[in-house]
Amino acid sequence: MIKSIIGGAAAAALLWGPASAAPAPHTSPPSRVAAPKAMAMGWVVTPTEAGCRVALDLTGRSGAIMPISLTSDGQLISLRFAKDDLPTRAFLPIRVDRARFSNLMLRAPDGSGELVLSEETEAAMRKGTILDIAWLGDEPLSTPLAGSEQGLADLRICGAQTAAQHRERLAADQAARDHAEADARAKAVNDAQLAAAQAQAAAAEAQRRQVEEVAERQRRADQAEQARLDAEAQQRAYDDERRRAYARQQDDPRQDDGEDDDPRWAPPPPQPQPQPYWPRWRYGRY
């Protein structure tokens with residue numbers, strides 16, 4: 001494809017050269033004809049997001065118009081154009097005042113082309129009067145370069161300023177994102193530490209309650225054991241007392257006469273006898 005583009009450009013240049021070099025009929029000698037003035041072109045520099053651009057229109061002999069633009073980020077100047085089926089990379093020529101300058105072309109993500117102008121090409125455009133591109137359309141296209149020296153200087157200065165501002169915005173946005181990420185990380189760390197502290201406090205509280213429950217169960221078990229031991233001791237004391245009382249009863253004959261000093265072994269007191277019931281009619285006054 002590059003060969004076909006370059007070949008077409010060479011053929012167009014050959015066709016363009018003789019036609020332009022042929023003298024017009026019935027003209028005066030060259031010494032008496034004033035050179036035609038190039039049509040003045042307004043170089044309107046417009047800032048973009050990351051640089052500046054100047055819009056140009058290439059025209060052909062048929063009147064066809066092809067818009068292009070020169071862009072700059074302060075370091076490079078590129079010629080941007082739209083064309084179908086562009087290769088990813090190519091080395092394409094342009095002509096400034098019929099002099100050929102080849103430059104690297106890169107295909108942009110949107111399918112358009114960017115021709116990165118070399119320093120030699122840029123210097124030629126500053127001093128040149130006309131720019132020709134043969135491979136961009138169906139016919140050779142050209143545009144005058146009147147005012148290009150100041151226009152290219154303004155384009156580079158504007159591109160440098162706009163690109164610097166763009167870099168500052170990018171740096172500020174990146175700093176804001178870094179600050180937000182740092183805050184998010186700090187918040188995440190603080191939340192994790194707080195959650196760990198809360199979990200540790202909850203674990204300590206659960207362990208304290210467990211210890212208290214174990215201590216309460218042990219206390220109740222000790223109380224029950226102590227109550228059991230006290231009951232057993234009382235029962236043993238009671239049994240011992242009964243045995244001692246029985247032994248005293250066996251050793252002392254007076255125990256048979258009811259002379260036991262222990263009131264627990266004394267016989268119950270006599271119960272009162274019921275009185276007979278006599279009806280009222282038995283009395284004499286009735």
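The values are calculated or read from the model by the stated rules, or taken from the named source; none is laboratory data. Predicted model only: the values in this text are computed from it and were never measured. When we count neighbours, we look across all protein chains shown, and the Cβ atoms used for this are built from the backbone with ideal geometry, even at glycine.
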**Prompt:** Pairs under 6 Å by beta carbon, first residue over 19 Å from A163 (Cα atoms) in segment 40-61, partner among the charged types (D, E, K, R) and at pLDDT below 95, six or more apart or different chains?
**Reply:** G60/E139
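Here is a yes/no grid of residues against (1) under 18 Å from V44 (Cβ atoms); (2) surrounded by 14 or more Cβ atoms within 10 Å (Cβ to Cβ); (3) small (G, A, S):
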{"site": "I68", "(1), (2), (3)": "yes, yes, no"}
{"site": "I77", "(1), (2), (3)": "yes, yes, no"}
{"site": "K83", "(1), (2), (3)": "no, yes, no"}
{"site": "F91", "(1), (2), (3)": "no, no, no"}
{"site": "D97", "(1), (2), (3)": "no, no, no"}
{"site": "M105", "(1), (2), (3)": "no, yes, no"}
{"site": "A108", "(1), (2), (3)": "no, no, yes"}
{"site": "G113", "(1), (2), (3)": "no, yes, yes"}
**Item:** Breaking point among (1) of a type outside the set (K, R); (2) in contact (Cβ under 8 Å) with a residue 24 or more places away in the chain; (3) farther than 19 Å from T46 by Cα, for F101
**Value:** (2)
**Prompt:** Restricting attention to segment 53-62, does a residue exist that is exposed (fewer than 14 other Cβ atoms within 10 Å of the Cβ), among the hydroxyl-bearing types (S, T, Y) and modelled with pLDDT under 90?
**Reply:** no
**Asked** Under the condition of being buried (at least 21 other Cβ atoms within 10 Å of the Cβ) and within 22 Å of F91 (Cβ to Cβ), which residue from segment 136-151 is nearest to the chain's Cα centre (by Cα)?
**Response** L136
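Can you find a residue that is more than 46 Å from the chain's Cα centre (by Cα) and either over 22 Å from S69 (Cβ atoms) or outside any helix (DSSP H, G or I) (or both) anywhere in segment 167-183?
Taking segment 167-183 first, the residues more than 46 Å from the chain's Cα centre (by Cα) are none.
No, segment 167-183 has no match at all.
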**Asked** With respect to D262, is the statement that it is modelled with pLDDT under 85, of a type in the set (D, E), more than 60 Å from the chain's Cα centre (by Cα) and surrounded by fewer than 10 Cβ atoms within 10 Å (Cβ to Cβ) true?
**Response** no
**Every pair of residues 6+ apart whose Cβ atoms lie under 8 Å, when the first sits in segment 220-246 and is assigned to a helix (DSSP H, G or I) while the second is surrounded by fewer than 10 Cβ atoms within 10 Å (Cβ to Cβ) and of a type outside the set (A, V, I, L, M, F, W, C)** = A245/R264
**Fill in**
For F91, the lone unmet condition from (1) assigned to a strand (DSSP E or B); (2) under 24 Å from D154 (Cβ atoms) is (2)
**Prompt:** If we scan segment 132-139, do we find a residue that is modelled with pLDDT under 95 and farther than 21 Å from D57 by Cβ?
**Reply:** no
**Asked** How about segment 71-92: which of its residues are in contact (Cβ under 8 Å) with a residue 40 or more places away in the chain and more than 37 Å from the chain's Cα centre (by Cα)?
**Response** K83, D85, A90, F91, L92
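Just the residues that are among the β-branched types (V, I, T) and either under 16 Å from S78 (Cβ atoms) or assigned to a strand (DSSP E or B) (or both), please, taken from segment 106-144. Please lay out each step first, then the result.
Of all residues in segment 106-144, those among the β-branched types (V, I, T) come to 116, 121, 129-130, 133, 143.
Within segment 106-144, V116, T121, I130, I133, T143 meet the criteria.
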